[in-house]
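Only one structure is covered here, and it is reproduced in the block below.
The values are calculated or read from the model by the stated rules, or taken from the named source; none is laboratory data. Small disclaimer: the values here were computed from a predicted structure and weren't measured. To get the accessible areas, we keep the full protein, side chains included, count just its heavy atoms, and leave off ligands, DNA and RNA. Shrake-Rupley method; radii C 1.70, N 1.55, O 1.52, S 1.80 Å.
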Amino acid sequence: MQFTSKEQLSTYFWDNPGMQRLLITQSPGLKSLPELPGTLIDLKISGCPDLTSLPKLPQTLNLLYVEDCSSLVTLAGLPSTLSTIIAHNCPFLTFVPALPKSLVYLDIVACPNLMVLPALPEKTKSLNLSFCLGLKNLPALPENLSCLTLNDCIQLQALQALPSKLQHLKV
């Protein structure tokens, strides 16, 4: 759905109680989001070039997907329930906070200003970092990691020891 303001989005929440999935697309002019429903499980945001940050995310959230949010700087406020984070084409994303222990899948693509990644939780099974041109180091890779993709992370200086459960490696 397209939204032009935080107020319009708040009204939509009010009219749709119990919402579990929210897709916000092609919403230029949307600079921030209101408080999100406490029932939300999946949040997908795409084509919001003026969005600079996310609000505190509900503790029910399992999936966070952000794409083509060219002003987004951080993914702060990640809930402890999050199992999947996907961030694509967010050129000003510079900060990813501590990742929740429940995280299984992390996919960050075309975020050239991201220079540091926090520690990866032990549950993480899949890590895709592609076209993260500023990324210099990786944290220790969790033993449960089974899939690792590192494409065009040209400043990456070293790769730590690979986990014994790794089944797919693409560099």
**Request:** Pop out the ³J(HN,Hα) list for the stretch 30-42 in order, Karplus 6.51 cos²θ - 1.76 cosθ + 1.60 with θ = phi - 60°, rounded to Hz; leave Gly and Pro as x.
**Result:** 7, 8, 8, 10, x, 4, 8, x, x, 9, 5, 10, 10
**Message:** Above 15 Å lies some portion of the pair distances; for the stretch 114-171, what is it as a whole percent of all C-alpha pairs?
**Reply:** 42
**Request:** With springs only between Cα atoms under 10 Å apart, run a GNM on the chain and tell me which of ILE154, ILE41, ILE108 wobbles the most.
**Result:** ILE154
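Taking a ≥ b ≥ c as the square roots of the Cα gyration tensor eigenvalues, with a/c under 1.5 meaning rounded and otherwise prolate when a/b beats b/c, else oblate, which class fits the stretch 1-75? Kindly include the intermediate steps, with their values, before the conclusion.
Numbers: a/c = 1.75, a/b = 1.27, b/c = 1.38.
Oblate is the answer for the stretch 1-75, as a/c is 1.5 or above yet b/c matches or exceeds a/b.
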**Message:** If the reach is capped at under 20 angstrom between alpha carbons, list the aspartates and glutamates near LYS44, excluding any in the same chain fewer than eight residues apart.
**Reply:** GLU7, ASP15, GLU35, GLU67, ASP68, ASP107
**Prompt:** Any idea what angle helix 6-15 forms with the longest principal axis of the chain, computed on alpha-carbon atoms, 0 to 90 degrees, nearest 10?
**Reply:** 80
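Equivalent ellipsoid semi-axes for the chain, as square roots of 5 times the alpha carbon gyration tensor eigenvalues: give them largest first, rounded to whole Å.
The equivalent ellipsoid of the chain has semi-axes of 30, 18, 11 Å.
Leaving out ligands and nucleic acids, and using a 1.4 Å probe, what accessible area per residue does the chain come to in Å²? Each step should come with its number before you reach the end.
Details: 8330 Å² over 171 residues.
That works out to 49 Å² per residue.
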**Asked** Quick one: Karplus J couplings for the stretch 61-67, per residue in order, coefficients 6.51, -1.76, 1.60, θ = phi - 60°, nearest Hz, x for Gly and Pro?
**Response** 5, 9, 10, 10, 10, 10, 8
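Which of the residue pairs LYS125/LYS165; LYS6/LYS56; LYS31/LYS101; LYS6/LYS31; LYS123/LYS170 have a Cα-Cα distance greater than 18 Å in the structure shown?
Working: LYS125/LYS165 9 Å; LYS6/LYS56 15 Å; LYS31/LYS101 29 Å; LYS6/LYS31 8 Å; LYS123/LYS170 20 Å.
In this structure, LYS31/LYS101; LYS123/LYS170 exceed 18 Å between Cα atoms.
Can you send over the carbon and sulfur percentage of the accessible area for the stretch 24-82, probe radius 1.4 Å, protein chains only? Could the numbers behind the result be given before it?
On the way: 1180 of 2190 Å².
Its accessible area is 54 percent carbon and sulfur atoms.
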